[in-house]
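A.B. asks: To start, I am sharing the structure in question, which I have written as structure tokens.
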Amino acid sequence: RSVPVAEEDGKIIGVSFNYDSAPLKASKFATAKAMAKVLGFWRFISLLPKLTALGGMTGFREDELYVSNICVLPELRGRGVGGELMAHQEKHSLYPKIALDVAEHNTKWWRHLLRAGYVIDFDWHFGGKKYLRLVKTLRK
């Protein structure tokens, strides 16, 4: 199993994590291990309660590849790295749809996704924040 990464001058500048709906349980461990490696063990542990709660809030559909995280170095955001990672996910997905949740306050990102063909499927709330579930049909 691979985790798509974006590199610049041999340095990882962005990474995306996804869940295949069929082998979800096995992929959760692989994703957690990769996130711990990228974020550092203690940072990952500090975020674990939030990540666990979010993962159980929205559910997964069997016809979707669910992108759980797009991480880009803060100083390189706004340069298209996240969009490139999503395009990679779309190109290599074995599923007819791709989905992700975006915090409503992250307007630049979800508006970019709408322009890229995603639609807002529904919204939900957690921890006083509103999230949008965005879905794109890749093929019928």
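A.B. asks: Of the accessible area of segment 61-140, with the probe set at 1.4 angstrom, what percent is carbon plus sulfur?
C.D. replies: Summing carbon and sulfur atoms, their accessible area is 52 percent of the total for segment 61-140.
A.B. asks: Tell me, what is the FRET efficiency for residue 36 and residue 77 to the nearest 0.05, using R0 = 25 angstrom and their Cβ-Cβ distance as r?
C.D. replies: 0.65
A.B. asks: In terms of Cα to Cα distance under 18 Å, which aspartates and glutamates are near enough to residue 129, apart from those fewer than 8 places away along the same chain?
C.D. replies: Partners within reach: 101, 104, 121.
A.B. asks: Heavy-atom accessible area per residue, segment 59-140, 1.4 Å probe: how many Å²?
C.D. replies: Per residue, segment 59-140 has 59 Å² of solvent-accessible surface.
A.B. asks: For a test of the definition: using alpha carbon positions, the gyration tensor, and the 1.5 limit on a/c, classify segment 86-140 as rounded, prolate or oblate.
C.D. replies: Prolate is the answer for segment 86-140, as a/c is 1.5 or above and a/b outweighs b/c.
A.B. asks: Spin-label point model (7 Å from Cα, Cβ direction): what's the residue 12 to residue 123 distance in nm?
C.D. replies: 3.4
A.B. asks: If you place +1 on the Cβ of every Lys and Arg, -1 on the Cβ of every Asp and Glu, and leave all else neutral, what size is the dipole of segment 65-140 about its Cα centre, to the nearest 20 Debye?
C.D. replies: Charge dipole, segment 65-140, about its Cα centre: 220 debye, nearest 20.
A.B. asks: Provide the net charge surrounding residue 102, with neighbours chosen by a C-beta distance below 12 Å and charges set as Lys +1, Arg +1, Asp -1, Glu -1.
C.D. replies: +1
A.B. asks: Just to verify a number: what accessible area does residue 137 come out at with the full protein assembly present, 1.4 Å probe, Å² rounded to tens?
C.D. replies: Solvent-accessible area, nearest 10 Å²: 80 Å².
A.B. asks: Tell me, what HN-Hα J-couplings in whole Hz come from the Karplus equation 6.51 cos²θ - 1.76 cosθ + 1.60 at θ = phi - 60° for each residue of segment 107-116, using x for Gly and Pro?
C.D. replies: My calculation for segment 107-116 gives 4, 4, 6, 6, 5, 4, 5, 4, 5, 8 Hz in order.
A.B. asks: What's the whole-number percent of alpha carbon pairs in segment 60-103 lying beyond 15 angstrom?
C.D. replies: 47
A.B. asks: Which distance in nm do the two modelled labels at residue 45 and residue 87 give, with both placed 7 Å along the Cα-to-Cβ direction?
C.D. replies: Distance between the two pseudo-spin positions: 4.0 nm.
The values are calculated or read from the model by the stated rules, or taken from the named source; none is laboratory data. Note that the structure is predicted; figures quoted are calculated from it, not measured. Reconstructed Cβ throughout: ideal geometry from the backbone, glycine too, with neighbour counts over all protein chains shown. Side chains are part of the model used for accessible areas, which takes the heavy atoms of the whole protein and leaves out ligands, DNA and RNA. Shrake-Rupley method; radii C 1.70, N 1.55, O 1.52, S 1.80 Å.
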